[in-house]
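Colleague: Shown below is the structure under consideration.
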Amino acid sequence: MKNTFWRSRILSAAMIFSIAASSVVAARPMNEFLQPDETQEVKKLPPVHYVRSRDFDMRHIALDLRFDWEKEQAYGAATITLAPLMPNFQVVNLDAGAMTINSVRLNGKDLKFGYDEPNANLAISLDRVYKIGEAMTLTIDYRTKGLVVSNTLGFGGGGGLKFIKPDAANPNRRRQIWSQGESDYNRFWFPSFDSPNDFRTTELTATVEKPFFVVSNGKLLSRKDNSDNTETFYWKMDTPYANYLTSIVVGEYAEIKGEYDGVPVSTFLFPNEAKEGAASVKKLPEMVKFFSEKLGVKYPYVKYAQTMAEGFSGGMENISATTMTPSMIHDERTLLDFDSESLQSHELAHQWFGDYVTCREWSEIWLNESFATYMQALWDEHEKGREYFLYADVRANQQQYYQTWNQGVRRPIVTKYYTDADALFDTYAYPRGGAVLHMLRKHLGDELFFKSLNHYLTKYANQPVQTEQLRIAIEEATGQSMDWFFDQWLYKMGHPVFEVTQNYDAAAKKLTLNVKQTQKIDLLNEYPQAQYFQAKVDVEIDGRVEQVWLKPQAENVFAFDAAAKPQLVNFDYEGTLIKEIKFEKSTDELIYQFKNDKDTLGRVWAMNQLAAKLKPGGGNDSERTKILAAMNRAIAAEPVWQLRRDVIQAISQPQTAPGAAVSPNAAVSLDPATVAALTAAVKDSNSNVRAAAIGGLGLLRDAKYAGAFAAALNDRSYAVVDAAAASLALTGDASAYGALVKLAETASWKDRVRLAGLNGLAALGDRRAVDLGFKYAAKTNPAAVRSAALNVLAGAGKGDARIFPLLMENFKNNLENNNFQGIFSGFQGFIKLADPRGQEAFDLAKEKFKAQSNLFGFVSQLEDQFKKAVGAK
């Protein structure tokens, strides 16, 4: 599951917070850890989990379903074929939660059964003892009791079937039904063996009112009109697969049809979004082709479909039938700024990694999620180029891991010690694992890497797998021992911390690099840890790249021929290794690397080192002048747009000493050359760079730029409009109010223009906006509009007793429904309003997300902002 956030049900839902929260943070070196003392508690290992035992082989499940919309229940018959794996078999134990079991029959005869609903167990007494391999077919008549199980990940909201329909808070909501099975939630809408280490085939028959359509796994074999204005859909999946991948989605849809080598490739989306949907998913058939050819394994199922599900976050890779968030559909203006290819490619890649082969136990979830994360990165490399891949995938995966590490969340990627399955869908399963696969690819080389993946997929097709089978498959395909690689990067936690120094001997014409590993074992954590790391490392010296072998020891020394003293030395060319590095260089050396390094990530590193020197105490006036000149040049000349954007953000932020307080209302001060560079960048060819430049100029809070910002409100890019609205508000110019009200009254795709206007008005804080705020805070408006309007009220209506109750009501509704954008917006509203009663919102969120470290940490950061706002009031 995933997007630029993760959980295949990414946008991993926790990730929408990650996006807002994750400004890149440098990792804290491991060598800061001290010996434990009385004040420090060692983190004990969580409970151990082993692969679940089973005493029968589930072979086939046929479901026949009808639905009661008012009661939010399904009425079902499950016909299950299974065969004993143990002798003297006479009791079948199935997973079945929150159901009413009406009957169980075998060969037309009723069987006795016991139902332990709290433990989700249905125990069926057979009519006699059955032998190993002797198949039987049971028919269970049941009904569900509704969505009763909650989780905190956001993508499903709980176990069972989710009924989406209009209610008092959302009167215009579409009517839909959808399931969410991962990790162990399908037991709440049909009886099963709900564990990933058993594969079976399925059929699904569902009768629904017209004009609803049903999407499920496999092939649609028939549609039958019924006399009562209903239609019956019959889907069949002949390829065996894991239980959690069974799915159903019910709704009104238009179909965008595609095809790859005879396989239908479809997207089912809302009828009023067909035009935009066609543009958003036009590359899907090419993605199927790319993965099929890259892996040497043709897409393995009879069809591929991705289906929009109202209220669903991210995507879920149900076999042959991915469930998707509707927010992946964009209009042409949105596509100027970003697309949903990462989400689509991630979920599609799961059809090989996660469906074709599936982790046999949730401790092995990286075999699903890390591979989908890296396959998505490979699509980016193929479609958007090497530089984009390095920046947006290789670097981003590493940075997300560093952030998690700094928060104190530390474990190996593969471990049988964990609290619950859902807790494993985290940074380690997604970006850290994706970063490890990139290191594996670089270690083996492309030819052997893809040969290994082909062998792994072919050998274990349609089977549950574990990490050791992957390791053995690689060794069989390449002849290379991989024990050490899997041990240090997968079964142990941590990463190397390098101190690199260079010395040039002019007489010998030799460059020497001294590389120390300074990381220390974290004595406060019981998970296994690597003391020293080994790896192939690429070293760039004035444009040429040489490879060395880093030994697992405290110090390595490498010597290279060099006719003259090198101007540029880059240790770990293209940033392959998960690492921290301290490599002292002069300002001039960094500027040279920033300008000339052919490695995109080398230029990024040099830029970050230079940006640190701009802060108080970081460099003298002469150095600052040279750095700003280099930065301004890069704004115009740097070929990678992300780096142009990053430079703008680096030089236009308040340059304060670490830990120093920054007034939220203080204007930044920029030198004339930087202002000129930003002014020129307002016309950059990339919309995200234009938006950054407008945002940077806005921080000047100078009314003389109000005209330029007002003109930018007409840009085709929503990102630019967003930035222009915010910057116009910061000027406080008399024209701002009218221009922002006009935006707020403008209809557009997903209310993007209206949201820009409302967010600008929230920043402006003009009391005249209160009536408009109440207008758009009404429940007849979409949730995002309501949240933005409430922020307008929080910013413009301080002292109005009506506002706080509205904020809290909306926040609680968003929290209950895992609407992460609404939750984040609600926090911003409480910070603006600075009412002490808002503490309740932060307390509720921390309680809900206490098991999700990334989310909990981000809520705590916002809580600090809230407390400062309350204290300053």
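Colleague: Does Asp393 count as of a type in the set (D, E, K, R), surrounded by fewer than 24 Cβ atoms within 10 Å (Cβ to Cβ) and farther than 18 Å from Tyr299 by Cβ?
Modeller: No; evaluated as a whole, the condition is false for this residue.
Colleague: Any residue in the range 399-417 that is within 12 Å of His495 (Cβ to Cβ) sitting within a Cβ distance under 6 Å of a residue that is polar (S, T, N, Q)? List the pairs, counting only those 6 or more apart or interchain.
Modeller: Taking only residues 6 or more apart or on different chains, the pairs are Tyr401/Thr427; Thr404/Thr427; Arg410/Asn525.
Colleague: Within the range 525-537, which residues are free of Cβ contacts under 8 Å to residues at least 40 places away in the same chain and among the acidic types (Asp, Glu)? Talk me through it step by step, then tell me what you get.
Modeller: So in the range 525-537, the residues free of Cβ contacts under 8 Å to residues at least 40 places away in the same chain come out as 529, 531-532.
Hits for the range 525-537: nothing passes.
Colleague: Return the only residue of Asp141, Asp184, Asp167 being assigned to a loop (DSSP other than H, G, I, E, B), open to solvent by 10 Å² or more (accessible area, probe 1.4 Å) and within 27 Å of Asp238 (Cα to Cα).
Modeller: Asp184
Colleague: Would you pick out the residues in the range 105-122 that are surrounded by 15 or more Cβ atoms within 10 Å (Cβ to Cβ), assigned to a strand (DSSP E or B) and free of Cβ contacts under 8 Å to residues at least 40 places away in the same chain?
Modeller: Selection gives Arg105, Leu106, Phe113, Tyr115, Asn121.
Colleague: Okay, moving on. In the range 760-777, which residues are open to solvent by 40 Å² or more (accessible area, probe 1.4 Å), more than 15 Å from Ala726 (Cα to Cα) and not aromatic (Phe, Trp, Tyr)?
Modeller: Within the range 760-777, Arg767, Arg768, Asp771, Lys775 meet the criteria.
Colleague: Which condition number does Asn229 fail, the rest of (1) under 18 Å from Ala305 (Cα atoms); (2) touching a strand residue (DSSP E or B) at 6+ places or on another chain (Cβ under 7 Å) being met?
Modeller: Here Asn229 clears every test but (1).
Colleague: So which residues in the range 776-808 are out of contact with any Phe, Trp or Tyr (no Cβ under 9 Å at 6 or more places or on another chain), farther than 16 Å from Ala169 by Cβ, in contact (Cβ under 8 Å) with a residue 12 or more places away in the chain and part of a loop (DSSP other than H, G, I, E, B)?
Modeller: Lys798, Asp800
Colleague: Could you say which residue among Tyr430, Tyr374, Tyr418 is touching a Gly at 6+ places or on another chain (Cβ under 7 Å) and of a type in the set (Phe, Trp, Tyr)?
Modeller: So the residue among Tyr430, Tyr374, Tyr418 that is touching a Gly at 6+ places or on another chain (Cβ under 7 Å) and of a type in the set (Phe, Trp, Tyr) is Tyr374.
Colleague: Next question, about the same structure. For the subset of the range 196-210 comprising residues that are part of a strand (DSSP E or B) and closer than 21 Å to Arg175 by Cα, which member is most open to solvent (accessible area, probe 1.4 Å)?
Modeller: Let us first name the residues in the range 196-210 that are part of a strand (DSSP E or B), namely 199-209.
With the extra rule that they be closer than 21 Å to Arg175 by Cα, the set shrinks to 204-209.
Working: Leu204: 7, Thr205: 31, Ala206: 0, Thr207: 14, Val208: 3, Glu209: 72 Å².
Here the answer is Glu209.
Colleague: Taking the range 246-280 only, how many residues are part of a loop (DSSP other than H, G, I, E, B) and open to solvent by 10 Å² or more (accessible area, probe 1.4 Å)?
Modeller: Going through the range 246-280 one residue at a time, the tally reaches 4.
Colleague: What do you reckon, is Ala634 crowded, with 21+ Cβ neighbours inside 10 Å, on the phi < 0 side of the Ramachandran plot and of a type in the set (Gly, Ala, Ser)? Show your work before the answer.
Modeller: Working: crowded, with 21+ Cβ neighbours inside 10 Å: yes; on the phi < 0 side of the Ramachandran plot: yes; of a type in the set (Gly, Ala, Ser): yes.
Spelling it out, Ala634 is indeed crowded, with 21+ Cβ neighbours inside 10 Å, on the phi < 0 side of the Ramachandran plot and of a type in the set (Gly, Ala, Ser).
Colleague: Can you tell me how many residues in the range 384-431 are in a helix (DSSP H, G or I) and β-branched (Val, Ile, Thr)?
Modeller: Number of matching residues: 2.
Colleague: Continuing with the same structure: Among the residues of the range 123-138, how many are open to solvent by 20 Å² or more (accessible area, probe 1.4 Å) and either among the aromatic types (Phe, Trp, Tyr) or in a loop (DSSP other than H, G, I, E, B) (or both)?
Modeller: 5
Colleague: In addition: Based on this model, can you work out whether Thr731 counts as β-branched (Val, Ile, Thr) and surrounded by fewer than 18 Cβ atoms within 10 Å (Cβ to Cβ)? Step through it out loud before you land on a result.
Modeller: On the way: β-branched (Val, Ile, Thr): yes; surrounded by fewer than 18 Cβ atoms within 10 Å (Cβ to Cβ): no.
Criteria not met by Thr731.
Colleague: Check off (1) under 30 Å from Asn714 (Cβ atoms); (2) of a type outside the set (Asp, Glu); (3) open to solvent by 10 Å² or more (accessible area, probe 1.4 Å) for Thr334 and give me the number that stays unchecked.
Modeller: If we test Thr334 against (1) under 30 Å from Asn714 (Cβ atoms); (2) of a type outside the set (Asp, Glu); (3) open to solvent by 10 Å² or more (accessible area, probe 1.4 Å), just (3) comes out false.
Colleague: Taking interchain pairs and intrachain pairs at least six residues apart, which have beta carbon atoms under 6 angstrom, with the first residue in the range 40-58 and in contact (Cβ under 8 Å) with a residue 24 or more places away in the chain and more than 17 Å from Glu364 (Cβ to Cβ) and the second among the aromatic types (Phe, Trp, Tyr) and open to solvent by 50 Å² or more (accessible area, probe 1.4 Å)?
Modeller: Pairs that qualify, where the first residue is in contact (Cβ under 8 Å) with a residue 24 or more places away in the chain and more than 17 Å from Glu364 (Cβ to Cβ) and the partner is among the aromatic types (Phe, Trp, Tyr) and open to solvent by 50 Å² or more (accessible area, probe 1.4 Å), are Leu45/Tyr417.
Colleague: Looking for whichever is in contact (Cβ under 8 Å) with a residue 24 or more places away in the chain, open to solvent by less than 70 Å² (accessible area, probe 1.4 Å) and touching a Phe, Trp or Tyr at 6+ places or on another chain (Cβ under 6 Å) here; the options are Arg644, Arg603. Which one fits?
Modeller: Arg603
Colleague: Among the residues of the range 287-326 satisfying the criterion of being farther than 17 Å from Asn368 by Cα and modelled with pLDDT under 95, which is least open to solvent (accessible area, probe 1.4 Å)?
Modeller: Among those residues, the one meeting the criterion is Phe312.
Colleague: Tally time: how many residues in the range 325-383 are in a loop (DSSP other than H, G, I, E, B), within 13 Å of Gln466 (Cα to Cα) and within 17 Å of the chain's Cα centre (by Cα)?
Modeller: 2
The values are calculated or read from the model by the stated rules, or taken from the named source; none is laboratory data. Given the structure is predicted, the values throughout are model-derived calculations rather than measurements. Positions of Cβ are generated from backbone atoms using ideal geometry, with glycine treated the same way; all protein chains shown enter the neighbour counts. We work out accessible area using only protein heavy atoms, side chains counted, and drop any ligands, DNA or RNA first. Shrake-Rupley method; radii C 1.70, N 1.55, O 1.52, S 1.80 Å.
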